[in-house]
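Derivation of every value follows stated rules applied to the coordinates shown; laboratory data play no part. For clarity, every value in this text was computed on a predicted model and none was experimentally measured. Neighbour counts are summed over all protein chains in view; Cβ atoms, including those assigned to glycine, are modelled from backbone coordinates with ideal geometry.
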Amino acid sequence: MTGFVLTTAAGHWDPLLWLAAFIIILAIVYIIRSRGYKKYKRGTEQTLPFFSGNLPPVANIRSSNMYWGFFEAMGRYYKWLRRAHTGVVNDYVYSFVMLLVVILAAMTLGGLL
Amino acid sequence: MKRKIHDTGLSPIVKMAVCILAVPVATFGFYVALHGHLTPGGGFAGGAVIATITAMFLVAFGRDVIKSQHSKSFSSLRTIKSIGITTFGILIFISLSATFLHQYLTSSGWFFRVTVPFGPNPGYLGTGGIIPLMNLAVGLEVVVGLSLAVILLLVSSKEGHTEAPVEKMGRREE
Amino acid sequence: MISTPFMAVVVLVLFGLSAMVFKRNLIKIVMAVHVMGSGVNLFLISLGYRAGSTAPIFTNAPKLEMALPVPQALTLTSIVINIAVVALMLTFAALIYEHYGTLDARKRRLLE
Amino acid sequence: MILLEHAPALAIAVPLLAALATPLVSKAGKRIRNLWVILSLAFAEFVVIMLGRDVLAGNVHVYSVGASVPSLTSTGGFPIRIILVADAMSALVSLAAMSIALLAAIYSWRFMEEHHSLGLDKFYTLLLLLAAGMMGLSLTGDFFTLFVFIEVVSISSAGLIAFFSSGESFEAAFKYMVISATGSLLLLFGIGLLYGKYGMLNMAAIANEVSMQHSFLDIAALSLMVSALLLKSGSVPVHMWKPDAYQEAPAQVVIMMLTITLLSLYVMFRICFSVFSLVLPVTMGWLIVILGAMSVFVGVTMAMPQRNLKRLIGYAAVAEIGYVMLGAGTGLIAMPNVSGFAMQALSGGIFHMINDVLDLSLMLLAAGTVFYITRQQDINEVGGLAHKSGYLAVLFMISMLAIAGMPPMGGFASKLMIYESVYYFNPLLSIIGILGSIMLLAIFVKIFASVFLGVPYKGSVRQVPKSMMFAMCVLAFFILFFGIFPNLALDLLITPAAEALINPQAYIGGVV
């Protein structure tokens, strides 16, 4: 076999070493878990997750508003991004023509330098 | 069955003319398809010419000709269509002896019995290799494909809102 | 002086592109694609032009100086492909009209 | 062996013949048609593997269609001949494309069953036509055949996008078709320019000529072709058709469209590296790298607020294309003497091309299965599925970690190579790439949490069929394999492909 070390130009990375470390850490975690209190009664309210007193959530967190903070912070950028992403075919062709013009200009200038 | 066909569609003169015309149109379409590599045309154009016959029959005999055998004929038409296109597929593999699409029939005199030197000639069929065979396969597929399209357009428009002019012509006659 | 077919090609292609960018109606966009396609085909044909030559068909050819057959073969294929593309786009436009009730490119349901 | 001699042409002709014969075979029954599709694709996969092994043995595999002897490339008599060239890079790409097509066919056995009213033989015909087009795109050595196969691929994938005939799918298919038609027409215009100047259509023959005289015409033709191929690959300014198309198409068709984007990137690199390498101004490399960085950033930021899962994966695909362009573009900038970091960037980019296809395909198949078993479309109604189908949650987790580039998965090795080499080249680009990876992980953690964790799902859930599970497990196996043994994949597949791209003389020598 050609060995398992991925030698990149600036160093190397050994996946098997990483796996070995991962398994060792899993073993340690399992040991810590197994030393826990074993005489609890399964299936009673003892096994329910503790929501600091109030009722457990009925529905999941709606997936769309998990990162609302991020959208607030980048507000102006997202406003511009939403405006740029119209679903209209004409704007698709317009951006393609713009790309073509930019590449043509860059290549001709590049060619002269 | 006989009486039902005769009362719809255009006048009997037109029906007779369409029946007579069908033969020359078919031969011309077959000619265009077969001589694809010599004269302009080829499989697609020849098939389209032959497909006009179905359109002519539909116009002359009215739509009810189709209504009677509605769904049964379509599946058989589709099988003929796919037979045609599959022969085209097989023809790609035929010349596997040398390489794909190798024109090993050209001027080998086997199929068209004429060996033709390279250069201008008075239009022998042999110069085409397997192209005439491919044109025939594509022609068959296009004939059935286009006539299916015409039939489906007419049949489906019946449920649609437009009233086909052919219908009114027939009724006024009785 | 650039010979006239190449100028016609530039006009056709630019016309097609500009119609696609500015026209709102879906059918007009399909027509613009077809116009651009024929512009590119004209360009391919005019590449193979030789002064004073006949069509490259061997059947009792009057003389041996013939126009280049290869661009004409390319154009044939490109025309057939153009038909298929335009036919497909017209069926989509018809079905969009059936579902949306309008052919305006701005009325769309697929948002950003 | 006759099979090996005709391998490139067989790889294209077998799916084509299977596509043409599917309506006929489906008369015999549904199971026979499904078997026919999968067997023909399996045979084509076998042919491609044989071709790959032969090419890795060192020789560029050349096949001229229609000549009396397959390797007759000297143009006695007929000046123009279609020549299929398979060197290490194209063998790698065709192998990836055909295996994804095979998995898509296996996946769609049960996935399409409830849509039989829409006429499944049409679906399988288009699927096989798409596979034949992909094979043609990756093996062709001739510019005009490249244009014909790009059109075959565009038309059949537009037809497949509109397969679930709802209003939105027609709109997505229409937009895709308009964009692909304009792109390929301009590609044909560029090819016409090249034909006008050199009188030849063969890539290698033109590469041989281009080194001698170099004028503005080459630059114009090159930029036309590159912009058309960038459009087909969906990099930033022209990426907007991708989320629409990925949202509406059935899951397994989206996988094949994913491979098409990577194939058009491969064709662009083939043109830049092999054909125009000697005359290429350095600005082309810079253009690709900058567009790559932009598509990473825009793709990731646009994917954040999405609600529809497949649309979100579309934007993630735009970001993944950005990584490939980032890697290979750096290799392109240091083109004449590609050494050290540039070589690593290029092989990192190619390695990421393969990893990206595997990760996103697994994610898409998992998303398709989620919608198959719960019959829902929006991720907000679907919740707590991990209780019902644990395996699906594990597979989704694997694909999520792979896309974000976490260690045990394949994505990590290629992204490590790209970041390291691009950092030495220009730190800002590498920082954008790393930022993109982190945000990709954040997005998919959000999706995983809302779809799989939380309150158990109330609605009725179907059992994940075996064929879909098999397709996903094969993908998961390859992701893990490339993750744990990256240098095995590197030495076997990637470095020969990178070397094949680097020296155009080998590519030209094989043909001319």
Global geometry of segment D:238-283, whether rounded, prolate or oblate, following the gyration tensor of its Cα atoms and the 1.5 cut on a/c: oblate
Extension gain, A:A21 back to A:K79 (0.36 nm per residue minus Cα-Cα distance, nm): 16.4 nm
Shape parameters for segment D:357-512, alpha-carbon atoms, Rg then Dmax in Å: 19.2, 66
Long pairs among D:K122/D:K232; B:K15/C:K28; B:K81/D:K197; D:K122/D:K175; A:K79/D:K122, criterion Cα-Cα beyond 31 Å: B:K15/C:K28; B:K81/D:K197; A:K79/D:K122
Mean Cβ neighbour count within 10 Å, used as a protection proxy, ranking C:19-25, D:121-127 highest first: D:121-127, C:19-25
Segment D:100-142, Cα convex hull volume normalised per residue, Å³: 54
Number of partner chain Cβ atoms within 10 Å, mean per residue of D:281-292: 3
Relative packing of peptides A:41-49, D:345-353, D:250-258, B:29-37 - highest average C-beta neighbours within 10 Å first: D:345-353, D:250-258, B:29-37, A:41-49
Extension gain (nm, one decimal) between C:S53 and C:H99, 0.36 nm per residue minus Cα-Cα: 11.3 nm
Near-label residues of segment D:159-174 by backbone N, under 16 Å of a point 7 Å along Cα→Cβ of D:E381: none
Normalised alpha carbon radius of gyration of the protein assembly as shown [divisor 2.2 N^0.38 Å]: 1.00
Convex hull of Cα atoms in segment D:266-404, direction-averaged projection (nm²): 9.1
Dipole in debye (nearest 20) - the protein assembly as shown, about Cα centre, beta carbon charges: Lys, Arg +1; Asp, Glu -1: 2500
Virtual spin-label span in nm between C:T77 and B:T27, 7 Å along Cα→Cβ: 3.7
Acute angle (nearest 10 degrees) that the helix C:69-100 long axis makes with the longest principal axis of chain C, alpha-carbon atoms: 10
FRET efficiency, 1/(1 + (r/R0)^6) with R0 30 Å, evaluated for A:F71 and A:V29 via beta carbons: 0.25
Average other protein chain Cβ within 10 Å of Cβ, residues D:217-230: 4
For segment C:4-111, the spread of Cα positions along each principal axis, largest first, Å: 60, 27, 17
Convex hull projection area averaged over all views, segment D:2-511, Cα basis, nm²: 21.9
Mean Kyte hydropathy of 1.6 or more with a Cα span along the axis of at least 30 Å, helices from DSSP in chain D: D:282-303, D:427-452
Test item: C:92-99 mean partner chain Cβ contacts at 10 Å: 6
